[in-house]
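Chemist: A single structure is presented below for examination.
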Amino acid sequence: MRIQAVAPFLALAACGCAGDFRLVPRLPWVEHTSIALEDEVLTLDVSEEEVAVEARFHFVVGASAKDLVMTFPIATPRGGAIGFGAWLGREETPLEARRAAPGTLPVGRADESWDIPIDVGALAAKGGLLVVRYRQAGRGAFAYLWRTGAYWRGPVRRLDVIVRDRAGRLASLEIDGRPVDTTRRVSDDAVVTSLFDVEPESGIKLHVR
């Protein structure tokens, strides 16, 4: 267990951010000391040519938290993000977002990454709400990397996944490798599933007809 924790911790030390993280005796072996991801609402809007993504993160910011740069990976196999943007709070104050090198922590296969500088004082003042939106073109397989959620303090208290499927193109849905029954819908065009007190392991996968 200790050996598996060494590599990510050394990567954090090399980038100068080890002081914001601590070792934990479970996957993912390291986590942030003072920022928790309380909940995430992930909406995936499926159409014939693309999947539109909206992720609404609610963070709880501790008193000792420092400003940081969040690295947001875009999963394979559909290539880069279209129209990537990030906002703070319900009124959606825009944030700078720029393409970046891959982050220092393992998250899975990504086609590109985006850096989002975060003023934690502003994040706390906005109720801890961060909104990210982008689109990925293509057909067939789609993936969303949410293992990054494991690196915040403690478990993710709640994850809601909403898949809007107006044209009936959704063939399958998996969360961390576990299939979700897509025949149980809250409406004719939406699948909703919720998880509680989870440590993200990998990601969310769709297959679109």
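Chemist: I'm trying to understand the selection: among the residues of region 86-120, which are touching a residue at least 40 places away in the same chain (Cβ under 8 Å) and more than 14 Å from the chain's Cα centre (by Cα)?
Modeler: W87, L88, G89, T104, P117, I118, D119, V120
Chemist: From the list G121, G62, G138, exactly one residue is small (G, A, S), in contact with a Gly (Cβ under 8 Å, 6 or more places away or on another chain) and surrounded by fewer than 19 Cβ atoms within 10 Å (Cβ to Cβ). Which is it? Full working, then the answer.
Modeler: Numbers: G121 fails: in contact with a Gly (Cβ under 8 Å, 6 or more places away or on another chain); G62 fails: in contact with a Gly (Cβ under 8 Å, 6 or more places away or on another chain).
Being small (G, A, S), in contact with a Gly (Cβ under 8 Å, 6 or more places away or on another chain) and surrounded by fewer than 19 Cβ atoms within 10 Å (Cβ to Cβ) holds for just one of G121, G62, G138, which is G138.
Chemist: Among the residues of region 92-122, count how many are touching a Leu at 6+ places or on another chain (Cβ under 8 Å) and part of a helix (DSSP H, G or I).
Modeler: Summing the residues that are touching a Leu at 6+ places or on another chain (Cβ under 8 Å) and part of a helix (DSSP H, G or I) in region 92-122 gives 2.
Chemist: Tell me whether region 75-87 contains one or more residues that are touching a Leu at 6+ places or on another chain (Cβ under 8 Å), of a type outside the set (F, W, Y) and in a helix (DSSP H, G or I).
Modeler: No, because not a single residue in region 75-87 is touching a Leu at 6+ places or on another chain (Cβ under 8 Å), of a type outside the set (F, W, Y) and in a helix (DSSP H, G or I).
Chemist: Only one residue in G177, G203 is touching a Ser or Thr at 6+ places or on another chain (Cβ under 7 Å) and small (G, A, S), so which one is that? Can you show your working first?
Modeler: Values: G203 fails: touching a Ser or Thr at 6+ places or on another chain (Cβ under 7 Å).
Being touching a Ser or Thr at 6+ places or on another chain (Cβ under 7 Å) and small (G, A, S) holds for just one of G177, G203, which is G177.
Chemist: Determine whether T71 is surrounded by fewer than 17 Cβ atoms within 10 Å (Cβ to Cβ), in contact with a strand residue (DSSP E or B) (Cβ under 7 Å, 6 or more places away or on another chain), among the polar types (S, T, N, Q) and closer than 20 Å to G203 by Cβ. Explain how you work it out, then say what you get.
Modeler: Numbers: surrounded by fewer than 17 Cβ atoms within 10 Å (Cβ to Cβ): no; in contact with a strand residue (DSSP E or B) (Cβ under 7 Å, 6 or more places away or on another chain): yes; among the polar types (S, T, N, Q): yes; closer than 20 Å to G203 by Cβ: yes.
No: the conditions fail for T71.
Chemist: Could you tell me which numbered condition V107 fails, if it satisfies all but one of (1) modelled with pLDDT of 95 or more; (2) of a type outside the set (G, A, S); (3) buried (at least 20 other Cβ atoms within 10 Å of the Cβ)?
Modeler: Only one criterion is unmet by V107, namely (1).
Chemist: Check L130 against each of (1) assigned to a strand (DSSP E or B); (2) at pLDDT below 95 and name the one condition it does not meet.
Modeler: So the condition that L130 fails would be (2).
Residues are listed down the side, and each one gets a yes or a no for (1) within 21 Å of D39 (Cβ to Cβ); (2) at pLDDT 95 or above; (3) among the acidic types (D, E):
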site: G79; (1), (2), (3): no, no, no
site: A86; (1), (2), (3): yes, yes, no
site: G89; (1), (2), (3): yes, yes, no
site: G103; (1), (2), (3): no, no, no
site: D111; (1), (2), (3): no, no, yes
site: A122; (1), (2), (3): yes, yes, no
site: A150; (1), (2), (3): yes, no, no
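Chemist: Quick one: how many residues across region 141-163 are surrounded by 17 or more Cβ atoms within 10 Å (Cβ to Cβ), small (G, A, S) and outside any strand (DSSP E or B)?
Modeler: Within region 141-163, residues that are surrounded by 17 or more Cβ atoms within 10 Å (Cβ to Cβ), small (G, A, S) and outside any strand (DSSP E or B) number 2.
Chemist: Under the condition of being of a type in the set (S, T, N, Q) and out of contact with any Lys or Arg (no Cβ under 8 Å at 6 or more places or on another chain), which residue from region 173-209 is surrounded by the most Cβ atoms within 10 Å (Cβ to Cβ)? Steps first, please.
Modeler: Here is the first cut: in region 173-209, the ones of a type in the set (S, T, N, Q) are 182-183, 187, 193-194, 202.
Subset that is out of contact with any Lys or Arg (no Cβ under 8 Å at 6 or more places or on another chain): 182-183, 187, 193.
Working: T182: 15, T183: 6, S187: 9, T193: 17.
Result: T193.
Chemist: Hey, another quick one. Does region 176-197 contain any residue that is under 28 Å from R99 (Cα atoms), under 19 Å from the mean Cα position of the chain (by Cα) and part of a strand (DSSP E or B)?
Modeler: No, every residue in region 176-197 fails to be under 28 Å from R99 (Cα atoms), under 19 Å from the mean Cα position of the chain (by Cα) and part of a strand (DSSP E or B).
Chemist: Another one. Can we say V41 is touching a Leu at 6+ places or on another chain (Cβ under 9 Å), more than 18 Å from V107 (Cβ to Cβ), surrounded by 16 or more Cβ atoms within 10 Å (Cβ to Cβ) and at pLDDT 90 or above?
Modeler: Working: touching a Leu at 6+ places or on another chain (Cβ under 9 Å): yes; more than 18 Å from V107 (Cβ to Cβ): yes; surrounded by 16 or more Cβ atoms within 10 Å (Cβ to Cβ): yes; at pLDDT 90 or above: yes.
Yes; evaluated as a whole, the condition is true for this residue.
The values are calculated or read from the model by the stated rules, or taken from the named source; none is laboratory data. All figures in this text were calculated on a predicted structure; none of them were measured in a lab. Cβ coordinates were reconstructed from backbone atoms using ideal geometry, including for glycine residues, and neighbour counts include every protein chain displayed.
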